[in-house]
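K.L.:
Below is the structure I would like to discuss, written out as structure tokens.
The values are calculated or read from the model by the stated rules, or taken from the named source; none is laboratory data. Keep in mind the model is a prediction, meaning the values are calculated, not measured. Every residue, glycine among them, receives a Cβ derived from its backbone with ideal geometry; neighbour counts consider all protein chains shown. Calculation scope for accessible area: heavy atoms of the full protein, side chains included, ligands and nucleic acids excluded. Shrake-Rupley method; radii C 1.70, N 1.55, O 1.52, S 1.80 Å.
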Amino acid sequence: MKWVAIAVGVLVALVVLVVAIGWLLPVNHRVTREATFRASPSQLFVLITDVDAFPSWRSKVTSVQHDTTTAGAKRFREIGSDGSILYEVEDALPDQRLVTRIVDPRLPFGGGWTFEIVPVDPGRTTLRITENGEVYNPIFRFVSRFVLGHHATIDGYLRDVGKRFGESGSAPI
């Protein structure tokens, strides 16, 4: 019985430590990653803006629904292994830039992504993604910072883009 009490005490202490560290971490983070692909700026822009095609190439997205409740704003909901996330397109400059933001206040995280498309040379283009993220729950902040890494979602996205263009070895920088 003594060992059970010690084990429970250690477990409680670990949880308290994780929560305390999570509270000390900032809610906001910013991370930028990029990768270069054998694609034109136009091909990349079409790929990242055709939300209906996401389930065909994004490994974590199983379906997309269009949200028609907001007049004038393009909104879509991604459904997949990360749950259901509602996004809004804040800015789109063809073949150059796309800015999206999570607009679901019920999630324990939020923020936005800026996709920059930079031509390198004929037939090669760099996709640079900047995440301005917000993690509200202190336990999620701890996990996002020390377990997953703030860049994990971007890295997966860039790997999926690479696979779509037949570049399975493309690694984000």
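K.L.:
Can you name the condition, by its number, that E90 falls short on among (1) open to solvent by less than 40 Å² (accessible area, probe 1.4 Å); (2) closer than 20 Å to I154 by Cβ?
P.N.:
(1)
K.L.:
Now for a separate question. Hey, can you tell me all the residues within the range 95-142 that are farther than 30 Å from E167 by Cα and more than 15 Å from the chain's Cα centre (by Cα)?
P.N.:
P105, R106, Y136, N137, P138, I139, F142
K.L.:
Residues in the range 115-132: is at least one open to solvent by 20 Å² or more (accessible area, probe 1.4 Å), of a type outside the set (A, V, I, L, M), free of Cβ contacts under 8 Å to residues at least 24 places away in the same chain and under 20 Å from E78 (Cα atoms)?
P.N.:
Taking every residue of the range 115-132 in turn, none turns out to be open to solvent by 20 Å² or more (accessible area, probe 1.4 Å), of a type outside the set (A, V, I, L, M), free of Cβ contacts under 8 Å to residues at least 24 places away in the same chain and under 20 Å from E78 (Cα atoms).
K.L.:
Continuing with this model, one more query. Checking R75 against (1) open to solvent by 40 Å² or more (accessible area, probe 1.4 Å); (2) of a type in the set (K, R); (3) at pLDDT 95 or above, only one condition comes out false. Which one?
P.N.:
Here R75 clears every test but (3).
Residues checked against (1) open to solvent by 40 Å² or more (accessible area, probe 1.4 Å); (2) free of Cβ contacts under 8 Å to residues at least 24 places away in the same chain:
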site	(1), (2)
M1	yes, yes
N28	yes, no
T36	yes, no
A53	no, yes
V61	no, yes
Q65	yes, yes
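K.L.:
State which residue is most open to solvent (accessible area, probe 1.4 Å) when the search covers only the range 150-170 and only residues that are at pLDDT below 85 and in contact with a helix residue (DSSP H, G or I) (Cβ under 8 Å, 6 or more places away or on another chain). Can you show your working first?
P.N.:
Going residue by residue through the range 150-170, those that are at pLDDT below 85 are 167-170.
Okay, now just the ones that are also in contact with a helix residue (DSSP H, G or I) (Cβ under 8 Å, 6 or more places away or on another chain), so 168-170.
Values: S168: 95, G169: 70, S170: 21 Å².
Out of the qualifying residues, it is S168.
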